[in-house]
1. In Å and on Cα atoms, what radius of gyration and Dmax does segment 88-140 show?
2. For residue 343, project a label point 7 Å along Cα to C-beta. Then give me every residue of segment 240-266 with its amide nitrogen under 14 Å of that point.
3. What is the distance in Å between the Cα centroid of segment 139-180 and that of segment 293-340?
4. What ranking, highest mean first, results for peptides 166-172, 394-400 when packing means the other Cβ atoms within 10 Å averaged over each residue?
5. Of all DSSP beta bridges located in the chain, what percent are antiparallel, nearest 5?
6. Using Cα extents along the principal axes in Å as the read-out, say which of (1) 80, 58, 47; (2) 77, 65, 36; (3) 110, 64, 31 was calculated from these coordinates.
7. Suppose only helical runs count, i.e. DSSP H with n ≥ 4. What mean residue ellipticity at 222 nm does that imply for the chain under -39500 (n - 2.57) per run, divided by all residues and rounded to the nearest 500 deg cm²/dmol?
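Where a number appears in this text, it was derived from the coordinates with a stated rule and is not lab data. Predicted, not measured: the structure shown is a model, and the values here were computed from it. Cβ placement follows ideal geometry from the backbone for every residue including glycine, while neighbour counts extend to all protein chains displayed.
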């Protein structure tokens, strides 16, 4: 495994680590524990999940209090999970959805003769009569239970007879639905084992803590770091290429990928701090941070393999990702959006990952252009930051930190698309600065910073977003030396 640093016609080879030893015998992965209850849970940031482990340390919130309605859903001081509301006239629906936090060995089943039962420890303060039910959403298919019965003050129970067919648990959301004519209400849901859904029979399942405990592959940790990105690897099955130059409009570089790659990530670096940050912190002015932006494309034989978003004004970096790339020659194309004739220096990088459990984490920086949050309206940029997720990934956690000079009460969360369910473009899911996805499947996901509903601010060329993703893989086969 080597790293190539290319400047003009000069090539420098730098050895970065040993190659993994070949030869191993495989044993079966750990068994799937049996579980019958699915618990509703939440993180202290308000992100909500369903899980078979009520003691998941990431999901430590004891209760979830929500103020739902025309005014109360815009809460400027509390980053808890927003309440979805809809309906017309006197008929209103308030909902709270819970994302997957568990994988099943086989899809659970239930039906009229063996229903899914639920128990909600839930107080509701409303200005009118209300009904409580449970829903299950998978893509456009949304199933609703019969109305729950309040068997004791604040205890609602009921049955769910009809699941989606076939049910893909890893891409499904459970939800609590309240129907009422009240224009606003307050809900108080007790968690940490107090509210659950019960399957008709036990099934094999693993929650996130089980998946984390089983992911122990790390025979030869290595890393690769640049000005705006950093990678940590579980082993040495990767390679990198770096290119430097001055960009007027477009530059192209050739490279050769020697082996089939599980994932390839490429990006350009022009600058890593925003225009306003420079002015406020250093008293310096670089007009190009308002007028320039960079993007990259990856091509093979003249055909595009992948491209980054943009280029956008004020964003001096753009990145792409692709999966399952065959060995062979590639062309990296670097382009610039510039409103002036002045050239700009850049560095471009490519990282190819060859091992099926090699990439442990990835962190990167993104600069923001325009966004704002005010009551009732917001500017919500679409997700543009790629996250490669390979077939062996079971769960991954995305963390967002912000470095800002934005005036007001700045607050960001994440926009993303959930395959099979839909888009969350404008802080609908929570005010959380991290989100965990437990939705296996080979795909390049996209995330982006979006204004959280508890924010009240305007931002323009004044913020840097620092992202990190950490992967959890299928249990690795036990490795033994050749006899």
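1. For segment 88-140, the Cα radius of gyration and maximum Cα-Cα distance read 15.1, 44 Å.
2. Answer for this model: 244-252.
3. Their Cα centres are 44 Å away from one another.
4. Details: 166-172: 18.1, 394-400: 20.7.
So the peptides 166-172, 394-400, ranked by packing, come out 394-400, 166-172.
5. Numbers: 165 of 172 bridges.
DSSP beta bridges in the chain are roughly 95 percent antiparallel.
6. It is the one labelled (2).
7. On the way: 3 runs with 19 residues, N = 483.
The helix contribution divided over the chain gives -1000 deg cm²/dmol.
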